[in-house]
Structure formats: structure tokens, C-alpha cells
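First the structure, in the form of C-alpha cells, and then the observations on it.
The values are calculated or read from the model by the stated rules, or taken from the named source; none is laboratory data. These numbers come from a predicted model, not from an experiment. For neighbour counting, all protein chains shown are included, and Cβ atoms are generated from backbone atoms with ideal geometry for every residue, glycine included. Note: areas computed on protein heavy atoms with side chains; ligands, DNA, RNA excluded. Shrake-Rupley method; radii C 1.70, N 1.55, O 1.52, S 1.80 Å.
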Amino acid sequence: MFTHKRFIIDSLNFVRNSEVHHGRILPAELERLREYLLDHSGEIVYSISGVFDEKGRPTLKIMIAGMVTLCCQRCLSKLEHTLDVKTSLLIARNQDEYSYYDEDNSVDAILASPDIDALTLIEDEIILSLPISPRHQENECSINNITISTSEITGAVKKHPFISLKSLKK
Ligand SMILES: [Zn+2]
């Protein structure tokens, strides 16, 4: 088994000192993530930076990149999923501040703590970023090579007006 060195973040000091922590991990090292994976291939790199956001609020900026292997829900075969997570977590100094941030849907927040486990944080963000129902692109899914059902064609046609409407709004 892997024995990964744990990295503990003291969140407010981490920001005050403008610290940056980055690392490289294998999917097999993340126990909770493993349950979502078809196999343990791939690799994940990440960084956590302590910054003050444009409003001067302490924030952890998280970036995660890499590749993990999911299982396509249509054909049940291997689906290589690219991780590209860029997120900011506001650090709430107390429970009141946390509740306040929690009501704001435009931000994510965590409660300040002297011992945040970096890998747990990264693992949480990866799991949150995974598709609920992972599927290959239409042309890459092996189920299309067997048969295309009429309901799927109808579904694709139905999707189109929506897509064009969306792009018109932009
Ligand atoms: Zn598939």
C-alpha cells in the first residue's frame, strides 16, 4: 500500500503566510474516491494556495488536474475522465460567518481550522466534480456500435433546439 505523507493546513495562517502546497497523487491513494473508479490508473496533480480574495476575505484556491477512470453508465466500459477543477473556498472564521457564506450560492466556504488535511480536501473536491452519471460522448460510446435506439435519436433531436436557444441567449 501507499504511505502518503499527510499535509496539514492551518487554514488562516496558511492564508496569512501566502502559502502554497502542491502534490501529486495516484487515484489508488484516495480511499473514498476509489469507490467511484473502474480501475486505479491515472494520476492527479493539485495545488492549494492561501490568498485573500478581491474583498480581502481569506480563501483557499484549489486547482486539480489529471485523469481518472470511470465506468460509462451506458456501455459499462472504461471512461477516461479528465479532472480540471479550479475552485475557491472562503474560510469562515466562525460559525456565524459560515452560516452567512452558506446562504450565498455564489461562494463555497469551509470553517477555519488549524488542522485541515490537504488530501481530504482534495479528495472532496474531486468527488464533487465527478459527473453523477458518467457517459462517453455519443460517438465514443461502444453501445452505439451495437445499435442506436430510436428513442436516443429523438432525444438528440430534442436536445438541439435547447442548445441553439442557449447559445442565442449569450
Ligand atoms: Zn460508453
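For every residue, the table says whether it meets (1) open to solvent by 40 Å² or more (accessible area, probe 1.4 Å); (2) out of contact with any Leu (no Cβ under 7 Å at 6 or more places or on another chain); (3) not in a helix (DSSP H, G or I).
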| site | (1), (2), (3) |
| --- | --- |
| Q73 | yes, yes, yes |
| K86 | yes, yes, yes |
| S99 | yes, yes, no |
| S106 | yes, yes, yes |
| A109 | no, no, yes |
| D124 | yes, yes, no |
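Figure legend. Inter-residue proximity from segment 53-76: first residues without any contact (Cβ under 8 Å) to a residue 40 or more places away in the chain, second residues among the charged types (D, E, K, R) and within 16 Å of the ligand (Cβ to nearest atom), beta-carbon distance below 9 Å, spacing 6+ or different chains. Indicated pairs: M67/E80.
Filter segment 21-32 for residues that are open to solvent by 10 Å² or more (accessible area, probe 1.4 Å) and in contact with a Phe, Trp or Tyr (Cβ under 9 Å, 6 or more places away or on another chain); which is farthest from I48 (Cα to Cα)? Looking at the filtered set, the residue picked out is A28. Let me confirm something: among L79, L38, which residue is touching a Cys at 6+ places or on another chain (Cβ under 6 Å), touching a residue at least 40 places away in the same chain (Cβ under 8 Å), open to solvent by 30 Å² or more (accessible area, probe 1.4 Å) and within 16 Å of the ligand (Cβ to nearest atom)? On inspection, the qualifying residue turns out to be L38.
Among the conditions (1) at pLDDT below 95; (2) within 16 Å of the ligand (Cβ to nearest atom); (3) of a type outside the set (D, E, K, R), the only one that T69 does not satisfy is (1). Evaluating P27 against the criteria (1) closer than 28 Å to C141 by Cβ; (2) touching a residue at least 60 places away in the same chain (Cβ under 8 Å) leaves one unmet condition, (2).
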